[in-house]
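Everything on this sheet refers to the single structure shown next.
Derivation of every value follows stated rules applied to the coordinates shown; laboratory data play no part. On a predicted model such as this, the values are computed, not experimentally measured, just so you know. Heads up, the Cβs are rebuilt from the backbone with ideal geometry, glycines too, and the neighbour counts pull from every protein chain shown.
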Amino acid sequence: MAEGIATLNDSTFDETVGSADNPVLVDFWAEWCGPCKMIAPILEEIAAEQDNIRIAKVNVDESPDLAMRFQVMSIPTLIMFRDGEPAKRLVGAKPKSALLEEIGEFL
Amino acid sequence: MSVNGPSSNGTGPRNVIIIGSGPAGLTAAIYTARAGLAPLVIEGEPSSTSDQPGGQLMLTTDVENYPGFPDGVMGPDLMQSFRAQAERFGAEFLTSKATRVDLSERPFSVWIGDGRRDGRSVIVSTGAQSLLLGLPNEERLIGHGVSTCATCDGFFFRGQEIAVVGGGDSALEEATFLTRFAQKVYVVHRRDQFRASKIMQDRAFANERIEFLWNRRVVEILGEDRLTGVTLADTRTGAQSTLGVTGLFVAIGHRPNTDLFADWLDRKSNGYLITKPDSARTNIEGVFACGDVQDDYYRQAVTAAGSGCQAAIDAERWLEAQGH
């Protein structure tokens with residue numbers, strides 16, 4: 001079943017990402033980032049269409065420790081976690097087709 | 001004037017195709033939509049450069065000089081409002097990049113990948129984009145210390161030492177903005193004075209966290225997985241030095257997005273489109289240009305919006321004269 005996009009923070013991140021059966025694509029974003037806003041609707045579409053991955057968001061203003069832990073230096077950064085470990089990292093906003101291509105191996 | 005008909009279903013020609021969606025393109029969309037011309041806006045694709053829907057303002061935070069906002073407005077919010085206003089009057093948006101145009105005959109053709117759209121008139125508002133230094137390592141380290149977007153990435157340099165390259169308004173604006181986060185910001189400039197406006201210079205000079213490195217060029221970008229520093233060369237003596245920084249923000253100017261039109265539209269030697277005096281008309285009848293793509297001098301959101309209005313009125317009157 002396709003699910004909605006969960007918002008993760010310092011206290012929920014490890015449990016959610018670590019216990020997920022499917023890969024989790026985490027979107028590190030912030031309110032003040034224009035390109036982040038551009039890809040938000042794309043991620044919502046992908047979340048609704050793809051059953052084999054989950055999508056979650058981390059607001060770097062609210063969870064700076066998570067951003068630091070995963071060495072996020074630019075947003076949007078998308079990190080695909082498999083079995084709780086980062087498996088792929090994408091930096092910068094991209095069109096939907098390019099995004100799907102990049103994460104194709106996880107779908 | 002007949003304004004409806006087959007143009008709105010994607011098969012017949014549209015009255016107006018607008019390529020680009022910054023302040024110029026969206027103002028042209030508002031005006032042509034209100035004139036009942038049902039414009040199609042090819043707005044671009046998401047990216048982390050200024051080559052995206054909304055254009056260069058998507059990479060800014062506070063816009064303090066757009067009239068009507070006494071407390072300032074966030075660039076992305078302003079562009080969202082422009083877009084909503086155009087949509088309200090019936091502008092249609094395609095979130096794609098125009099990949100090819102044929103302006104040899106009317107209706108004109110614009111390709112989006114494999115798809116083609118025809119338009120009785122075309123408004124070009126593809127804007128300009130930031131230049132990079134063109135050095136090895138630069139593209140590889142984007143997102144790992146090298147940045148083209150201070151507002152996207154400044155946050156991650158809290159307490160660090162970083163450098164901004166450039167001497168114009170955008171360089172000093174970024175440097176000033178980045179002192180919110182960085183412990184120290186070096187401004188590296190190849191000359192001994194800035195071309196930035198006085199207010200931006202005054203602000204930067206008054207900022208204790210900014211140090212100015214005059215007459216220096218960045219000649220090497222250092223770092224494996226992430227940026228560790230840059231090599232600078234003195235433009236007078238050639239002497240080289242290393243500056244250890246974890247962030248490098250490049251703001252050395254712009255180039256117009258006119259490659260698409262090189263075969264068709266007259267351009268200046270610097271690549272900007274040429275419009276006829278006091279109008280948005282190009283050398284091809286029925287093709288109009290507005291915003292930064294044809295302006296290498298003012299380059300403001302409000303002048304772009306103003307020229308978008310001119311392009312819309314020029315297109316509307318031209319279509320009317322053609323009997324559409």
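Of the residues B:Leu273, B:Leu59, B:Leu243, the one that moves most in a GNM of chain B with alpha-carbon contacts below 10 Å is B:Leu243. Taking the Cα centre of the stretch B:24-133 as origin and assigning +1 to Lys and Arg Cβ atoms and -1 to Asp and Glu Cβ atoms, the resulting dipole is close to 440 debye. Compactness of chain B, taken as the C-alpha radius of gyration over 2.2 N^0.38 Å, stands at 1.08. Between B:Asp102 and A:Asp14, the simple spin-label model (points 7 angstrom out along Cα→Cβ) gives 6.2 nm. For the pair B:Thr237 and B:Gln322 in one chain, pulling the backbone fully straight at 0.36 nm per residue adds 24.4 nm over the alpha carbon distance.
As a proxy for reagent exposure, A:Val26, B:Val101, B:Val302, B:Val164 were ordered by neighbouring Cβ count within 10 angstrom, fewest first; the result is B:Val302, B:Val101, A:Val26, B:Val164. Calculated on C-alpha atoms, the gyration radius of the stretch B:119-278 divided by its Kirkwood radius gives an Rg/Rh of 1.04. The mean sequence distance of close C-alpha pairs (under 8 Å, at least 6 residues apart), as a share of the length of chain B, puts its relative contact order at 20 percent. Note on the stretch B:145-255: dipole from Cβ charges, positive end direction compared against B:Phe155, B:Met200, B:Thr176; the farthest Cα belongs to B:Met200. Around the amide H of B:Phe93, modelled in the peptide plane, lie the amide H atoms of B:Val41, all under 5 Å away and 5 or more residues distant in sequence or on another chain. Within the shell defined by Cβ-Cβ distances under 15 Å, the residues around B:Leu141 carry a net charge of -3, with Lys and Arg each +1 and Asp and Glu each -1. Remark: for residue pairs A:Lys96/B:Lys184; B:Lys97/B:Lys198; A:Lys37/B:Lys268; A:Lys37/B:Lys97, the C-alpha separation exceeds 26 Å in A:Lys96/B:Lys184; B:Lys97/B:Lys198; A:Lys37/B:Lys268. Summarising the amide proton neighbourhood of B:Val16: residues at separation of 5 or more, or on other chains, whose placed amide H is nearer than 5 Å comprise B:Leu40, B:Arg120, B:Ser121. Considered as an equivalent ellipsoid built on the Cα gyration tensor, the protein assembly as shown has semi-axes of 37, 30, 18 Å, the largest given first.
When each of B:Tyr31, B:Tyr66, B:Tyr272, B:Tyr298 is scored by the number of other beta-carbon atoms lying within 10 Å, the sequence from fewest to most is B:Tyr298, B:Tyr66, B:Tyr272, B:Tyr31.
So if R0 is 51 Å, what FRET efficiency would B:Asp192 and A:Asp21 give, r being the distance between their Cβ atoms, rounded to the nearest 0.05? Working from the Cβ atoms, E equals 0.25. Spatially, the stretch B:75-101 and the stretch B:148-195 are offset by 30 Å when compared through their Cα centroids.
Taken one residue at a time, the phi angles of the stretch B:263-279 give Karplus couplings (6.51, -1.76, 1.60, θ = phi - 60°) of 6, 10, 9, 5, 10, 6, 4, 8, x, 6, 5, 9, 10, 5, x, 6, 7 Hz. Gly and Pro are set to x.
Between A:Asp83 and B:Cys309, the modelled label-to-label distance comes to 6.2 nm, taking each label 7 Å out from Cα in the direction of the beta carbon. Using a 10 angstrom cutoff on alpha carbons, build the Gaussian network for chain B and name the most mobile of B:Ile142, B:Ile284, B:Ile199. Among B:Ile142, B:Ile284, B:Ile199, the largest GNM mean-square fluctuation belongs to B:Ile199. Sequence-distant contacts, meaning Cα pairs under 8 Å at least 6 residues apart, place the relative contact order of chain A at 37 percent. The Kirkwood hydrodynamic radius of chain A, based on inverse pair distances between different Cα atoms, is 13.6 Å.
Length gained on full extension, B:Ile284 to B:Ser81, computed as 0.36 nm times the residue gap minus the Cα-Cα distance: 69.9 nm. Near A:Ile55, the amide H atoms lying under 5 Å from its own belong to A:Ala6, A:Leu25; only residues 5 or more places off or on other chains count, and H is placed 1.01 Å from N. Residue-normalised convex hull volume from the C-alpha trace of the stretch B:21-81: 78 Å³ per residue.
Specify the residue with the greatest mean-square fluctuation among A:Ile79, A:Ile55, A:Ile42, computed from a Gaussian network of chain A linking alpha-carbon atoms under 10 Å apart. In the Gaussian network model the winner is A:Ile42.
The Cα center of the stretch A:37-107 and the Cα center of the stretch B:232-296 differ in position by 33 Å.
Ranked by how many other Cβ atoms sit within 10 Å of their own Cβ, fewest first, the residues A:Arg54, B:Arg34 fall in the order B:Arg34, A:Arg54. Computed about its Cα centre, the charge dipole of chain B is approximately 280 debye, with only Lys, Arg, Asp and Glu carrying charge at their Cβ.
Across the stretch B:98-103, computed HN-Hα scalar couplings (Karplus, 6.51 cos²θ - 1.76 cosθ + 1.60, θ = phi - 60°) run 5, 10, 6, 10, 10, 10 Hz from first to last residue, x flagging Gly and Pro.
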